[in-house]
Structures are given as structure tokens and as C-alpha cells.
Amino acid sequence: MPDTELIEIFDPQKDFLRVERAAALLRDGKTVIIPTETVYGLAADACNPDAVKRIFEAKGRPQDNPLIVHVSDFDQIAELVTVLPDQARLLAEHFWPGPLTMILPKSEKIPLVTSGGLDTVAVRLPENAVARAIIRAAGTPLAAPSANRSGSPSPTTVQHCIDDMWGRVDAIVASNSCTVGVESTVISLCGAQPVLLRPGRVTLEQLREVVGTVQLDRGVTERLSENSKVLSPGMKYKHYSPRADVVLLNGNIEQYAEYLMKHCENGEYAVCFKEDIPYLAVPFLSYGAAENHLEQAACIFDVLRSLDKLGVSRAYVHAPHPDGVGLAVYNRLIRAAGFEVINLGQEEP
Ligand code: TXA
Ligand code: MG
């Protein structure tokens, strides 16, 4: 088991010796947790199959779930893919560096272990300055899934990374810079039309403004049957789940408060909007204002992890509107809830 080292980098300009330390480990085939603007990523050299295998081992991740490859400069993706469609260039112009991942046909440079055996590769140019400095110093693209144990909520603070990964990775880079809070938007550009596979801070509406038609994959909001063919292997797996049982409730404040009054028992919590608080007579954690999807995204994983710290047995979550960045928050919550959703006002008597 690795002896984890904590490397603090707050300003990549000033802390360049520490940037170099993280990069040296990565060049040496080691695993290093790095911050990105979305969530912390568990990085290794994307072109080194042995290094990439260590990511799967540390996370306990199924081998067929492919990794995102992170670059520091747009030109770096040319050798990772076999075609670079105009749509990819357009999207890069608008949203890179930033929280958007594009799926493209992969070149030989990407080992199959990185792509989970697929002939495509997910590429992303992050906005986070620490992430970019480390990728650049490493001199190689970095494969980096979210740095959580497989199945649990993604880490947005260094404490989350320590809780999940201490002793499983070679180093953790601390930096308070996961501001988005949910993982990048994933769009596939491999079919006849672009398909949104995972919503994030770059919204479906914004993508459509740039490339026109973008399909929304069914798996974003619905449970897929065991044997249905999925475009993104990550969709098959249980995700973002705290140990607490999560139930997602669609409805207005009054309906939500009334439901809790009837159903919330000892040891159970509400996960609510700020506006709900005056109406509730049960323990709660708030995850932001109802209309402020950015605020919800920034704290939702921390709130899900807090449920377990508090020993909560069940959490009743007031569902966000699934539009804009709200679709990303809704998508994470519906998975945390194992697709257990109650539409208030329409329940069985
Ligand atoms: O914001 C993010 O994207 C973070 C940070 C660290 O960059 N990374 C991240 O990686 O969320 P991960 O591995 O937790 O999620 C990647 C998702 C998975 O659902 C995976 O199945 C999907 O992207 N994916 C990766 N490569 C793919 C491919 N070639 N085709 C389809 N889906 C792919
Ligand atoms: Mg993940």
C-alpha cells in the first residue's frame, strides 16, 4: 500500500517546486490526487497502462468504466484522437478550458485500459490552474476519474480525499479550488448527432446554442434496465451513494413540509432548500437556495457525505428543477437515491 504524501499547492506560480514534485511522481507512474474546478481527480499518466491500472485498484473501479484524459493545452488532443470534428473545435472555443468532456474516436496513443476497452476516448481541458500546471509539468496527458472510492460521492474537499484514499494513492495535492462541485458535462461526438451523457455546469441549453441539436441520453434522468446498451459505462453503476437511504421528492414547499411531517422519523433528515427551513420541524441540512443551482452543485456532495458523518439512516431530499445546472444536480441526486423518486401530490394514498 502506498505511503500517501500531502502536497499543498495554492498558487501554481509560487509553489512551483511542489507542482514539480507532483509531476515527478506522475512521470514515475505513480497516482496523485489533483484538484480540478469540478471535483478532485485521481490522476496517473494516461499513456502508461501500469500507472492507469493503479487508478482502478485504488478506487475499486470496474475495469470497463473508462477514464477521462486531461490535457493542459488544446493542441495536445490532436495525437489522442483520430478525428477532430468541427463541432469539437467549436465546443472547445466556447467552453475550454472548463468543465466539459468530449468523447471522440481514440488514437493508438491511448491504451485500452484507459478507455475501458472502448475505441473512443473522453478528453477534457480543465480550467483549474493547479491542475493545468501539474499536467504541463508532467509532460503527459493525465487519466483522472473522480478521486472517491467507487460508488461514493465525488470529493470536493481535501478531507473527502483523505477520508476515501489515504494509503491508497501516492500523493494528494491540497488546494481549495473545486468550485463547481459536480463533475464535468460529458458529450459524445462519435455518433450522427452529439449526445449529452452527463450534465454538468456547461448546460444542455448552452451546448445547443453552440452546436444546434444535442440529444439528451435517457440514462441522465431514467433508470436503465440491466441489459440495455449504454453509451457511457459509468451510467450502469451505482453512484454518489452515501450509506444513508436517499429519497428524492418533487413538489412545492408546502407539499414537501407536509410529507416530512408525516414520514420523517427519528434518525432521518431533510435535505432541503434554504426557503424550506422555516416550514420544517425535523432535523435538516440545507443545500442552497431553490433557484440557485450553482450553489446547490457546489455543496451537494459535501451534504451527502455529511449524512454519513451524522449517522443519518434516511434523507428526504427536496428535488431541484431539472433545468440549466439544476439538471446536473438532479442527475446526481436521482442516482444517490437509486432512482427512488416521489412526485408529491401524485403519491398513492
Ligand atoms: O469533472 C470531471 O469530469 C472529473 C474531474 C476529475 O475531471 N472526472 C470524472 O471522471 O468525473 P469519472 O471517471 O468519475 O467520470 C467519467 C465518466 C464516467 O461515467 C465514464 O463512464 C464516462 O465519463 N466516460 C469516460 N470515457 C468514456 C467513453 N470513452 N465513452 C463513454 N463514456 C465515457
Ligand atoms: Mg466518478
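Quick notes on this one:
- All of Ala92, Ala129 fail the test of being of a type in the set (Gly, Ala, Ser), free of Cβ contacts under 8 Å to residues at least 40 places away in the same chain and either more than 16 Å from ligand 2 (Cβ to nearest atom) or closer than 20 Å to Phe56 by Cβ (or both), apart from Ala92.
- Checked against (1) within 21 Å of Val220 (Cα to Cα); (2) within 13 Å of ligand 2 (Cβ to nearest atom), Val180 passes all but a single condition, namely (2).
- Checked against (1) farther than 18 Å from Thr4 by Cα; (2) touching a strand residue (DSSP E or B) at 6+ places or on another chain (Cβ under 6 Å), Asn176 meets all criteria but (2).
- Scan of segment 123-153 for residues that are of a type in the set (Val, Ile, Thr) and outside any strand (DSSP E or B), ordered by number: Val130, Ile134, Ile135, Thr140
- Filter result (touching a residue at least 24 places away in the same chain (Cβ under 8 Å) and loosely packed, with under 15 Cβ neighbours inside 10 Å) within segment 192-227: Glu205, Glu222
- Among the residues making up segment 176-187, those that are surrounded by fewer than 22 Cβ atoms within 10 Å (Cβ to Cβ) and either more than 15 Å from ligand 1 (Cβ to nearest atom) or modelled with pLDDT of 95 or more (or both) are Asn176, Thr179.
The values are calculated or read from the model by the stated rules, or taken from the named source; none is laboratory data. Since the model is a prediction, treat every value here as computed from it, not as a measurement. Cβ sites come from the backbone with ideal geometry, for glycine too, and all protein chains shown count toward neighbours.
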